[in-house]
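Each value in this text was obtained by applying a stated rule to the coordinates, not by laboratory testing. No experiment lies behind these values; they were computed from the predicted model shown. Cβ placement follows ideal geometry from the backbone for every residue including glycine, while neighbour counts extend to all protein chains displayed.
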Amino acid sequence: MHPKTFIMDPKRILVVDDEETLCEVLKINLQNEGYKVDVATSAEQALTYDIKQYALILLDIMMSEISGIQMAKILKAEPATASIPIIFCTARDTEDDMIRGLELGADDYIMKPYTVRNVIARVKSVLRRTTRQQDDTDKETRSLLQIGGLRLDLNLKLCFVDGQLVNLTKTEFELLAFLMTNPGKIYSRDEIIHRVWDNVIVLDRTIDVNITRLRSKIGQYGKFIITRLGFGYGFQN
């Protein structure tokens, strides 16, 4: 049971604007900065693309049929595209438009006429910020192991079963963390000793006792710790 992940190219940008010349100017200049750039001259065209591959979208507000605001709403409503940063580019300079864009989750707002240099600076700033945020999220995600209602906090060294704190010994915690980090693989007793006991000499019986005690403590999730007679132990949900 692993969370679904989506592929995003950290250097790919989508420019959506009904002014073809402007799209080409932005494309050429962003490519010169090392980015991969696709363009669409309408929201309808843009929505036919695989949006989740983009690291950032430059989006004009004033377009026929589907406006930039409407397109942003569509993207923010979909889990696969909700986190993609958007910079609105528009000639409309009313405060209401700016507020609407920011309320939708826009990361920046550029007024036309703008210089390409300004756009590039904004793009770099937003991508730096979102990259840092993603790195922080990844670090936090890596510090948590969760299968159903069984959760380990690797930073705080805590185990929760269906929201309730379960007291594990240091060895039990490290044993469970090791098995959960490597699901679907059977480890011999020697491998477990090497990883969990750091090659300290322990009896096979010691491992068996810890496994039995661990299964009991984590309740219904104990069934995920499997035994392969003659081979060893593993974790499989």
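At-a-glance table
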{"quantity": "Segment LEU47-SER64, extension gain: residue separation times 0.36 nm, minus the distance between their alpha carbons", "calculated": "4.7 nm"}
{"quantity": "Cα centre as origin, Lys/Arg/Asp/Glu Cβ charges: the stretch 12-140 dipole, Debye", "calculated": "500"}
{"quantity": "Rough spin-label spacing in nm, given labels placed 7 Å along Cα→Cβ, for ILE110 and GLN220", "calculated": "5.2"}
{"quantity": "Footprinting exposure proxy for LEU203, LEU56 (fewest neighbouring C-beta atoms within 10 Å first)", "calculated": "LEU203, LEU56"}
{"quantity": "Euclidean distance between Cα centres, the stretch 143-174 to the stretch 63-126, Å", "calculated": "41"}
{"quantity": "Estimated FRET transfer efficiency (THR181, THR21; beta-carbon r; R0 41 Å; 0.05)", "calculated": "0.20"}
{"quantity": "Inter-label distance, nm, simple model (7 Å from Cα along the C-beta direction), ASN155/SER143", "calculated": "0.1"}
{"quantity": "Tensor-based shape of the stretch 6-59 (alpha-carbon gyration tensor, a/c under 1.5 rounded, otherwise prolate or oblate)", "calculated": "oblate"}
{"quantity": "GNM result for the chain, Cα springs below 10 Å: residue of SER67, SER188, SER125 fluctuating most strongly", "calculated": "SER188"}
{"quantity": "Per-selection Rg to Rh, the chain - Cα, Kirkwood hydrodynamic radius", "calculated": "1.19"}
